[in-house]
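First comes the structure, then the notes that go with it.
The values are calculated or read from the model by the stated rules, or taken from the named source; none is laboratory data. The structure displayed is predicted, hence computed values, not measured ones. Reconstructed Cβ throughout: ideal geometry from the backbone, glycine too, with neighbour counts over all protein chains shown.
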Amino acid sequence: MSAGKRGALIIFEGCDRSGKTTQSRLLVELLKSKDVPVQAMNFPERSSNIGQVINSYLTNSKDLSDEVIHLMFSANRWEHMNQLKQKLLEGKTLIVDRYSYSGVAYSAAKGLDFDWCYAPERGLLKPDAVFYLRAPASDLASRGQYGEERYEKAEFQERVAKVFDRICSKEASYWHQFDASQPAEDLHAQIASITDELLPKVATQPLDKLS
Ligand code: NYM
Ligand code: MG
């Protein structure tokens, strides 16, 4: 990689079971095969102290108020920001499974105020692209049983999807919405083509912050 070229910050967002994990894996494999420096990450990052509290909450072994867990998810992103920034500046492209928008969508779906939810995200690194995998709740439900974690209920996921839709229409300049019901290979091809155009374009752009 030539000096001064940074990597791209690419985020996958969507409801549980929308295929984010599969699509981020396919994208990482593709970039690796092209010798693009790349790393997969995900939020919540469950290994830190804060991440372990989040994990206990999600697995129902700990109860916390809606506000407190919201701020924990945000703090979990903040505690990793220097690391993300450093990797991007070293030229590494980061493919991240969930980010601030999951933070807002899941908490606002519980009834917390949208702007209150977004406030602690301001100042975090702004993604170069968000790939939003969207499918009707009925399609996601037909993919079989949800898991055992908190939030994994069809009715709640429908409310989460509504908040994602709202964010997507507001942030249209860097959000790309995809139909998550289509075959994984077709979806991957579309994502790959957008990524191909994105990497050289952002390589010389300064990193930005969420405002
Ligand atoms: N989640 C994830 C939130 O509620 N707020 C956040 O800020 C983030 C990053 O965590 N159901 C929720 C969404 C998921 C759950 O994520 C665990 P995953 O990607 O399913 O492991
Ligand atoms: Mg999940």
| request: Identify, from the list ALA192, ALA129, the residue that is surrounded by 18 or more Cβ atoms within 10 Å (Cβ to Cβ), touching a residue at least 24 places away in the same chain (Cβ under 8 Å) and among the hydrophobic types (A, V, I, L, M, F, W, C). | output: ALA129
| said: Cβ contacts < 6 Å: first residue within 13 Å of LYS5 (Cβ to Cβ), restricted to the range 86-109; second residue away from ligand 2 (no atom under 14 Å from the Cβ) and at pLDDT below 95, any location; separation 6+ or different chain. Result? | reply: GLY91/MET1
| request: Test TYR146 against the criterion of being outside any helix (DSSP H, G or I), at pLDDT 95 or above and either of a type in the set (Lys, Arg) or within 16 Å of ligand 1 (Cβ to nearest atom) (or both), and give yes or no. | output: no
| message | Quick test of your reading of the structure: SER61 fulfils all but one of (1) closer than 26 Å to ALA154 by Cβ; (2) assigned to a helix (DSSP H, G or I); (3) away from ligand 1 (no atom under 14 Å from the Cβ); (4) not charged (D, E, K, R). Name the failing condition by number. | response | (2)
| said: Quick check on the range 2-51: of everything there that is more than 16 Å from ligand 1 (Cβ to nearest atom) and among the basic types (Lys, Arg), which residue is farthest from TYR101 (Cα to Cα)? | reply: LYS34
| query | Does any residue of the range 85-99 turn out to be surrounded by fewer than 20 Cβ atoms within 10 Å (Cβ to Cβ), within 16 Å of ligand 2 (Cβ to nearest atom), under 30 Å from ALA137 (Cβ atoms) and of a type in the set (A, V, I, L, M, F, W, C)? | reply | no
| said: One residue is enough: does the range 21-33 have a residue meeting the conditions under 27 Å from THR195 (Cβ atoms), part of a helix (DSSP H, G or I) and in contact with an Asp or Glu (Cβ under 8 Å, 6 or more places away or on another chain)? | reply: yes
